[in-house]
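The block underneath contains the structure these notes are about, expressed in structure tokens.
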Amino acid sequence: MNFETIYTQQDGPVQTVTLARPERRNALSLQLMRELTGCLEEIAANTSVQAVIVAAEGKVFSSGHDLSEMTARTEADYREIFEVCTTMMETLQRLPQPVIAQVQGLATAAGCQLVAACDLAVAGEQAAFATPGVKIGLFCTTPMVPLSRAIGRKRALEMLLTGRVVSAEEAAQWGLVNRVVGSAELAEATRALADQVASASSFTVSLGKQAFYRQIDMDQHQAYSYATQVMTGNAQADDAQEGISAFLQKRLPKWTGR
């Protein structure tokens, strides 16, 4: 695909996808969301990619939906915007490769949703997060879905009901991001995390990511039953047998992705 609102680059096993609308605060227009979804679908089929970083140009990670597309539209138009957004967010979690948000600045509304929907997130010290839709009469209901699952009910509702800006440090304490680093170290720290993820068996990581999202909303007994089934199959896989043998033989494993 040819992209106008994003660009992408693969470096070894890591592919970085960068939001490239800094003049519009990386607002998630319909075009950008469709391009990002299409890019992710291409990455899903690329077995040489083992981790994905979502980054952004400029001072703002993403300001959320492009509000210029949100005035005087029909019901069908609004439904299309939110359905395209939902498809993009669900594609992030269906991707076999882990996705890491590299958050350098403000992430608000659907931009905050994008961070919450990624598997992992690293924030620079200047990053901040908010779901301020309530202030303009448009409650951040779709951003609420991954946000509430990432940080819990009370904290999510505080963000949703007040719209206040949460600092990077507070976001890390709440579990919205994994860690906060100095702004100058953000790209390096995110890449180090991506490399760590990419060093494992791609088969095992993909299996584990899929299992994580399937079991997270099950009750405990059902989750254990499902996890037992997955782990039984995993134990028979080539990479699991290679990894166990390598550990016992005190050598580095040679992954085949099977």
Selected residue [β-branched (Val, Ile, Thr), closer than 21 Å to Thr190 by Cα and more than 16 Å from the chain's Cα centre (by Cα)] from Val60, Val52, Val14
Val60
How many residues, within the range 158-184, are over 12 Å from Cys112 (Cβ atoms) and out of contact with any strand residue (DSSP E or B) (no Cβ under 8 Å at 6 or more places or on another chain)?
7
Selection within the range 72-90 - among the charged types (D, E, K, R) and either over 19 Å from Glu41 (Cα atoms) or touching a helix residue (DSSP H, G or I) at 6+ places or on another chain (Cβ under 6 Å) (or both)
Arg73, Glu75, Asp77, Arg79, Glu80
Hits in the range 212-234 - residues which are of a type in the set (A, V, I, L, M, F, W, C) and in contact with a helix residue (DSSP H, G or I) (Cβ under 8 Å, 6 or more places away or on another chain)
Ile216, Met218, Ala223, Ala227, Val230
Positions within the range 157-201 being among the small types (Gly, Ala, Ser) and part of a helix (DSSP H, G or I), in sequence order
Ala168, Ala171, Ala172, Ser183, Ala184, Ala187, Ala189, Ala192, Ala194, Ala198
Gln236 being surrounded by fewer than 16 Cβ atoms within 10 Å (Cβ to Cβ), outside the structural domain of Asn46 (by TED's automatic domain parsing) and within 23 Å of Leu252 (Cα to Cα):
yes
Which ones in the range 222-255 are touching a residue at least 40 places away in the same chain (Cβ under 8 Å) and among the hydrophobic types (A, V, I, L, M, F, W, C)?
Trp255
Checking Met89, Met159 in turn, the sole residue that is under 12 Å from the mean Cα position of the chain (by Cα) and of a type in the set (A, V, I, L, M, F, W, C) turns out to be Met89
Yes/no for Thr228 being touching an Asp or Glu at 6+ places or on another chain (Cβ under 6 Å), in a helix (DSSP H, G or I) and β-branched (Val, Ile, Thr)
no
How many residues are in contact (Cβ under 8 Å) with a residue 60 or more places away in the chain and at positive phi if we restrict to the range 49-83?
1
Return the total of residues in the range 179-190 being surrounded by fewer than 20 Cβ atoms within 10 Å (Cβ to Cβ) and within 20 Å of Pro96 (Cβ to Cβ).
0
Looking at (1) surrounded by fewer than 18 Cβ atoms within 10 Å (Cβ to Cβ); (2) in the same structural domain as Gln102 (by TED's automatic domain parsing), which is the one condition that is false for Arg214?
(2)
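The values are calculated or read from the model by the stated rules, or taken from the named source; none is laboratory data. None of the values given here were measured: they were computed from a predicted structure. A quick note on method: Cβ atoms are made from the backbone with ideal geometry, for glycine too, and the neighbour counts reach across all protein chains shown.
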